[in-house]
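What follows is one structure encoded as structure tokens, with my remarks underneath.
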Amino acid sequence: KCSLNIEEVMILLTLKKNYEFQKTLKRGNWYNGNLISIHVEKNNKDLNYIGIAVSKRVSKSSVKRNRIKRLLREAYRLEEAKIQKGFNMIIAWKSSCPFELANFCDIKNDLGICLKKADLILKDKEEE
């Protein structure tokens with residue numbers, strides 16, 4: 001018998017449908033960093049849903065766009081425990097930023113800055 005603790009397995013809940021993205025983009029507030037911008041909307045649930053967007057203008061190569069998405073997803077995963085619950089978020093890579101600027105350290109720092117601007121970081125987790 002295998003028992004799983006839900007806290008041990010953190011599943012990334014994602015926005016998948018176009019109307020979910022459009023609703024968050026229209027109704028949500030946005031916060032800019034150097035490389036990314038995040039759009040945040042309250043969802044009245046005890047869970048965060050995340051969407052990641054990287055435009056074709058960044059690179060025509062899907063391999064490069066998917067690498068940026070993986071880096072963004074991992075940066076969010078590492079920050080997830082510090083983030084307040086109950087929001088839909090879209091993390092969008094800025095079209096003006098070329099693929100060559102996509103390194104993990106800068107992305108993680110930029111995401112942290114955007115989340116602080118959005119006031120989504122839990123106060124007791126900020127010191128970690």
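Modelled this way, with points 7 Å down the Cα-to-C-beta line, the labels at Asn29 and Glu79 are 1.5 nm from one another.
Calculate what fraction, in whole %, of the accessible area of the chain sits on carbon and sulfur atoms when a 1.4 Å probe is rolled over the protein chains. C and S fraction of accessible area: 51 percent. Between Lys17 and Arg57, full extension at 0.36 nm per residue minus the direct alpha carbon distance yields a gain of 12.2 nm. In terms of its C-alpha gyration tensor, the chain comes out rounded, because the ratio a/c of the largest to the smallest axis stays below 1.5.
About the centre of its Cα atoms, the chain shows a dipole size close to 840 debye [charges on the beta carbon of Lys, Arg (+1) and Asp, Glu (-1) only; nearest 20 debye]. The residues of the chain have, on average, 65 Å² of accessible surface per residue, using a 1.4 Å probe with all protein chains present.
May I ask for the net charge around Leu25, where only other residues with Cβ less than 14 Å from the Cβ of Leu25 are counted and Lys, Arg are +1 while Asp, Glu are -1?
+2
Calculate how steeply helix 62-79 sits against the longest principal axis of the alpha-carbon atoms of the chain, using the helix alpha-carbon long axis, and give the answer as 0 to 90 degrees to the nearest 10. Compared with the principal axis, the helix lies near 30 degrees. Extension gain, Arg70 to Asp124: 0.36 nm times the residue separation minus the Cα-Cα distance gives 16.7 nm. Remark: accessible surface ordering of Phe104, Phe87 (largest first) is Phe104, Phe87, probe radius 1.4 Å.
The values are calculated or read from the model by the stated rules, or taken from the named source; none is laboratory data. Just so it is clear, the model here is predicted, and its values are computed rather than measured. Here the Cβ is made from the backbone with ideal geometry for all residues, glycine too, and neighbour counts use every protein chain on show. Just so you know, the surface numbers come from the protein's heavy atoms only, side chains and all, with ligands and any DNA or RNA stripped out. Shrake-Rupley method; radii C 1.70, N 1.55, O 1.52, S 1.80 Å.
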